[in-house]
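Reviewing the structure listed below.
The values are calculated or read from the model by the stated rules, or taken from the named source; none is laboratory data. Owing to the predicted nature of the structure, the values given are computational and were not obtained by experimental measurement. FYI the Cβ positions are ideal-geometry reconstructions off the backbone, even for glycines, and counts take in every protein chain you see. All accessible areas refer to the heavy atoms of the entire protein, side chains included, with ligands and DNA or RNA removed. Shrake-Rupley method; radii C 1.70, N 1.55, O 1.52, S 1.80 Å.
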Amino acid sequence: MVTGNNLQVRFFEKRTIFNKANLGACELSIQLMPDGFSFLIQHPEQQKILAFGSFKKTEASDDLLELLKDFWTKEPILNRKYKKVQFIFNSLHSIWTPKELFEHDTVEKLFDFNIEKEEHQVIRSSYFPEQEAYLSYSIDSGIHDFVQNNFPEALQLHVTELLFPIAYEEKHSEPKAFIYANGAFMDLWLMNGKKLIFHKSFAVTNDEERAYYTFFSLKQLDFSLQKMPLYLIGDFSETCMEYFEKYVRHISVLSQSKFSSKELKKVPEAEFYPLLKS
């Protein structure tokens, strides 16, 4: 049963200011994660953050879709007309397919062959021109239908579509690793220039697991922790940082540059990084 006790919402303008004219120039972004969701309302031209909110499950049995529906019903501001609405999906199950081997009609069979699809799942695919490949991933069918039926014109993205361009900006010629962490979700990928070497998502419950999956994956791929730059994005505790700093020589924490420091003081940047980046 979901009680909504973990639902936190904050507005930075009076409700009367949130009228159709204001929101018609604003963007609403929603990130759906395995253990919760978050949203951000921003004015892209003024680079102002107007509102944000987040929800995290307390129990694995909590119904995220029902909480999402209930929230949308009770919060009328989310049902206004926006300049842009976008949904960002995080998925623990995904596969890459080279462009020349990808076929939309057979993607579900391909997915089932590599990763057994769970019940009530829908497969979506995104094309990455830099990789000349498709990323196919699974999302809950109920959430998929909720988005399709209520926001048919909304932009739908996998979180990787927002995070990979960050990797392209880093000009180091040698291989480099990136970790994105948010709650129970962790994404690890390795790049050599713009070439993707490895990518996998993990469900984690503590800092030890984040460190273990990172170090185990890099070791299996024969990458040196003393030579490879490691870039951290998102929410990392002090304990987790101590793990990485103990074994990795070159660590960089990537921060948001789109907004002013005054605006970023409103938002826990680590938690809302993809929404701020979008």
Among the numbered criteria (1) over 21 Å from the mean Cα position of the chain (by Cα); (2) open to solvent by less than 70 Å² (accessible area, probe 1.4 Å), which one does residue 261 miss?
(2)
Neighbours by Cβ (under 6 Å, 6+ apart or cross-chain): first from the stretch 248-271, closer than 22 Å to residue 13 by Cα; second open to solvent by 40 Å² or more (accessible area, probe 1.4 Å)
259/47; 271/235
Residues 269, 174, 245: which one is closer than 29 Å to residue 60 by Cα and open to solvent by 30 Å² or more (accessible area, probe 1.4 Å)?
269
Flag if residue 220 is free of Cβ contacts under 8 Å to residues at least 12 places away in the same chain and open to solvent by 20 Å² or more (accessible area, probe 1.4 Å)
yes
